[in-house]
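The values are calculated or read from the model by the stated rules, or taken from the named source; none is laboratory data. What you see is a predicted model; the values in this text were computed from it and never measured. Cβ coordinates were reconstructed from backbone atoms using ideal geometry, including for glycine residues, and neighbour counts include every protein chain displayed.
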Amino acid sequence: MGTNHAPVFLPGTLDMLVLKTLSRGTMHGYSIAQFIQQASSDVLKVEEGALYPALHRLEVRGLLKAEWGSSDNNRRAKFYRLTALGRRELEHETDYWTRVAGAVTRVMQTA
Amino acid sequence: MELLAVWHRVVALVRRRRLERDLDEELAFHLAMREADYREHGASETDARTAARRRFGSVAYLKEQCRDMWTFHPLETLIQDVRYALRTLRKAPGFTIVAVTALAVGIGANTAIFSLFDALRTRALPYTDPSGLVVLWGNVQRARVERRGASYPDYLDWRAQTKTVVLKGTVPTAAQKSTAEAIAHDKAEGYKIVNQLTVGPKRQD
């Protein structure tokens with residue numbers, strides 16, 4: 001198991017990261033994990049055991065749509081796409097995160 | 001989107017096997033990609049595979065989590081329990097026969113007795129005011145005070161004379177088929193019929 005995990009203390013964080021990743025385009029699960037890892041400079045290594053339940057959770061809620069397609073190396077893979085509902089949810093989650101993260105930072109910056 | 005989640009579960013009930021296969025394939029793809037990645041970074045084939053699998057964590061747990069999202073878990077466990085119970089019963093036929101017979105006899109006896117009881121007591125008598133039915137009789141002094149039956153003229157007298165209750169009509173006793181028959185019988189015996197009353201209308205059941 002990797003030593004770095006996606007943050008667990010805010011349960012919706014991984015969902016939010018996934019939504020954000022998919023707002024950049026349609027990807028399959030592996031690309032999503034890779035993107036998050038690279039964009040966070042290797043700080044956040046998404047554990048696959050968390051990624052797929054999250055993806056399915058979001059799909060069940062109607063925030064994502066899944067389709068089978070072929071990957072770069074012509075293997076069959078499931079691609080995920082953000083829905084309109086997903087886009088709206090991303091905005092909400094971003095607002096919430098910004099508020100909470102800002103608040104935590106402020107508290108931590110007090111003497 | 002609670003409704004959507006429920007809909008997914010309903011759909012999943014039907015497409016269960018396909019969903020499982022999809023999940024398997026998706027995970028296999030991810031594993032393969034991860035392996036290729038490791039190999040690109042210089043690991044040997046077996047090393048890459050074990051490393052990839054280790055990073056994947058517990059595949060079984062992950063599948064369980066995904067499955068949780070598309071099952072009616074309580075319903076499925078119930079069905080599994082029922083199947084298990086049936087299998088166990090089939091393995092012990094002697095016990096099963098005895099148990100089933102006992103249940104059948106018990107249920108059958110109860111039903112029979114209740115039907116009987118229901119027919120005799122709880123079915124309302126087919127008159128407009130069944131709770132208002134009373135039995136009247138007279139007392140006569142013979143060797144000691146005895147009851148005597150009531151006849152139709154008795155009813156008329158009582159109806160006329162009583163100041164405390166209102167007698168509205170008569171119903172035939174078990175011994176008579178109808179008030180008309182009772183009246184006919186009394187007529188034959190020589191009683192004088194002063195009035196003929198109509199009995200309260202029979203209730204349509």
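Of a type outside the set (Phe, Trp, Tyr), at pLDDT 70 or above and buried (at least 17 other Cβ atoms within 10 Å of the Cβ): which single residue out of B:3, B:31 fits that description?
Just a single option satisfies the conditions, and that option is B:31.
When the residues of region A:23-43 are filtered to those that are closer than 19 Å to residue A:69 by Cβ, aliphatic (A, V, I, L, M) and assigned to a helix (DSSP H, G or I), which remaining residue is farthest from the other protein chains (Cβ to nearest Cβ)?
Selected residue: A:32.
Pairs under 8 Å by beta carbon, first residue outside the structural domain of residue B:51 (by TED's automatic domain parsing) in region B:19-41, partner crowded, with 18+ Cβ neighbours inside 10 Å, six or more apart or different chains?
none
Evaluate region B:163-176: report whether one residue or more is exposed (fewer than 11 other Cβ atoms within 10 Å of the Cβ), outside any loop (DSSP other than H, G, I, E, B) and modelled with pLDDT of 65 or more.
No, there is no match, as no residue in region B:163-176 is exposed (fewer than 11 other Cβ atoms within 10 Å of the Cβ), outside any loop (DSSP other than H, G, I, E, B) and modelled with pLDDT of 65 or more.
Just a yes or no: is a residue in region B:67-82 within 22 Å of residue A:28 (Cβ to Cβ), outside any helix (DSSP H, G or I) and either away from chain A (no Cβ under 14 Å) or at pLDDT below 80 (or both)?
Yes: region B:67-82 contains one or more residues that are within 22 Å of residue A:28 (Cβ to Cβ), outside any helix (DSSP H, G or I) and either away from chain A (no Cβ under 14 Å) or at pLDDT below 80 (or both).
Going through region A:55-92 one residue at a time, which ones are buried (at least 19 other Cβ atoms within 10 Å of the Cβ) and part of a helix (DSSP H, G or I)?
Those that are buried (at least 19 other Cβ atoms within 10 Å of the Cβ) and part of a helix (DSSP H, G or I): A:55, A:56, A:57, A:58, A:59, A:60, A:61, A:86, A:89, A:90.
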